[in-house]
Amino acid sequence: MSDLPPALAELVDDFADVGPKDRLQLLLELSQELPDLPQRYQDAAATMEQVHECQSPLFLAVEVDDDADRRVHLFFSAPPEAPTTRGFAGIMVTGLDGEPAADVLAVPDDFYTALGLAQAVSPLRLRGMAAMLARIKKQVRAATAS
């Protein structure tokens, strides 16, 4: 996928380079690397958008810088007992945080299929990941429309 931001493309390559069992391990590692929320988002239910398509409670917030590149910053709240959901959020943060808004909006809606996780997680969980990206793009579009 040539239209991915470099960090996201690298993640896709990392997943492609290993077998299905190791992909799940990579996802779990990313779940453990999800950054803590800044104080302003500590009450996730009140300050962030819930992604209802996820099987576990997941909330996200998107901030877009006012600079020329309109760099995107992502924040996620997901419980520690939901490693798959946290892993998906980790993919988004690692691959998209700090990228220009135009690059985030250009990510194909189905990029997650290139991760090869269909053998490791359920289709319902993959729909949750698609929903995360859709919500991120919606918030980026709203922030850059003004």
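What the table shows:
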| read-out | value |
| --- | --- |
| Carbon + sulfur, % of accessible area of region 21-146 - ligands and nucleic acids excluded, 1.4 Å | 49 percent |
| Helix-only mean residue ellipticity at 222 nm for the chain, each DSSP H run of n ≥ 4 adding -39500 (n - 2.57), per residue, nearest 500 | -14500 deg cm²/dmol |
| Sorted peptide list for 104-111, 119-126, criterion being average Cβ within 10 angstrom, highest first | 104-111, 119-126 |
| In Å², nearest 10: area of residue 10 left accessible to a 1.4 Å probe | 110 Å² |
| Rounded if a/c under 1.5, otherwise prolate or oblate - region 1-119, Cα gyration tensor axes | oblate |
| Charge dipole magnitude, Cβ of K and R +1, D and E -1 - the chain, Cα centre, debye nearest 20 | 580 debye |
| Simple label model, 7 Å out from Cα along Cβ direction - residue 9 to residue 28, nm | 3.1 nm |
| Prolate/oblate/rounded call for region 1-64, Cα gyration tensor, a/c under 1.5 rounded | prolate |
| 4 °C / 1.567 mPa s Stokes-Einstein diffusion coefficient of region 55-106, Kirkwood radius on C-alpha pairs, µm²/s | 112 µm²/s |
| 1.4 Å probe accessible area per residue over the chain, in Å² | 49 Å² |
| Per-peptide average of other Cβ atoms within 10 Å, ordering 17-27, 86-96 highest first | 86-96, 17-27 |
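The values are calculated or read from the model by the stated rules, or taken from the named source; none is laboratory data. The shown structure was predicted, so the numbers you read here are calculated from the model rather than taken from an experiment. We place every Cβ from the backbone using ideal geometry, glycine too, and count neighbours over all the protein chains shown. Remember, those area values only see protein heavy atoms, side chains included, never the ligands or the DNA or RNA. Shrake-Rupley method; radii C 1.70, N 1.55, O 1.52, S 1.80 Å.
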